[in-house]
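Take a look at the structure below.
The values are calculated or read from the model by the stated rules, or taken from the named source; none is laboratory data. Since this is a predicted model, take the numbers as computed values, not measurements. With ideal geometry, Cβ positions are generated from the backbone for all residues, glycine too; neighbour counts draw on all protein chains shown. Just the protein is used for accessible areas: all its heavy atoms, side chains included, with ligands, DNA and RNA removed. Shrake-Rupley method; radii C 1.70, N 1.55, O 1.52, S 1.80 Å.
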Amino acid sequence: RPGAEAWVPERVSLRSLHEAAQACRGCELYRDATQAVVGEGRLKASLMLLGEQPGDQEDRRGHPFVGPAGRVLDDALTDAGVGADDVFTTNVVKHFRWERTRGKQRIHKSPSQAHVTACKPWLDAELGLVRPRGVVLLGATAGKAVYGPSFRVGDVRGERLQWPSTLAVRRAPDWVLATNHPSAVLRADDRATAYDALVADLTVAASLLQ
Ligand code: URA
Ligand code: SF4
């Protein structure tokens, strides 16, 4: 069977996931990446933050959201009153997909639906391990991973959603909330407005945890 299932360890821990993901050959993305980047944070976190895939910095350093988008996310979490000790941060795809431009730069390329599907057993294991009360979907790739290809963040951002019954996981969260990806704040013409909208959505997430 294609996909990551065969590489996910029976005894799931943060350490076993991190180590086992390095050997994953569930799709071809491992070939051009430095390493697999699995989720990190508090094991008993009530909130899971779900991004797309590691970026250039994350691929080099081996941790999720440690680059420019991660700095935006950290600031927004602080401004929304979400404690860093109450989140677990991960991505729907664990290896960095990129293409080289004429220069030396590695340019991020969004993962395909096939990559997302192949990588889903790792997310499933993380959901079973952390058992978060809420999941915040950061951007379209995370949204489509959970709700399917027609999902649009703009249609439902900031609203309390249900985990879809069509996507079986070991442990579904009580609620889901979608917002823009923090990297969209960096690309926005009006950064301040985009940032404030991200903070507003994360504030809703914080209130759902009360
Ligand atoms: N963007 C993501 O979606 N995830 C990361 O870990 C970093 C950047
Ligand atoms: Fe495995 Fe996911 Fe990496 Fe593909 S992207 S090789 S499924 S860890």
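Details
- Rounded to the nearest 20, the Cβ-based charge dipole of the stretch 4-208 about its Cα centre (Lys and Arg +1, Asp and Glu -1) stands at 580 debye.
- Among beta bridges that DSSP assigns inside the stretch 4-208, antiparallel share in %, nearest 5: 30 percent
- In range of the label at residue 133: residues from the stretch 174-210 whose backbone nitrogen is under 16 Å from the point 7 Å along Cα→Cβ: 174-177, 202-210
- Ligands, DNA and RNA are left out, and with a 1.4 angstrom probe the accessible area of the chain is 50 Å² per residue.
- Between the listed residues 45, 151, 122, the Cα displaced farthest toward the positive end of the dipole of the chain, a dipole computed from Cβ unit charges relative to the Cα centre, is found at 122.
- The residue 113 and residue 210 beta-carbon pair, evaluated with R₀ = 41 Å, returns a calculated FRET efficiency of approximately 0.70.
- Spatially close lysines, pair count over the stretch 4-208: Cα under 28 Å, gap of eight or more or interchain: 10
- Highest average packing first - 189-195, 109-115, 98-104, 69-75, Cβ atoms within 10 Å: 69-75, 109-115, 189-195, 98-104
- Using 0.36 nm per residue and subtracting the Cα-Cα separation, the extra length available between residue 101 and residue 191 on full extension is 29.8 nm.
- Alpha-carbon Rg/Rh ratio, for the chain, with Rh computed the Kirkwood way: 0.94
- Across the accessible surface of the stretch 4-208, with the other protein chains kept in place and a 1.4 Å probe, carbon and sulfur atoms take up 48 percent.
- For the stretch 4-58, trypsin sites (Lys or Arg not before Pro) are listed when DSSP marks them as loop and at most 10 other Cβ atoms sit within 10 Å of their Cβ; the list is 11.
- Relative contact order computed over the chain (Cα-Cα under 8 Å; 6+ residues apart), in percent: 23 percent
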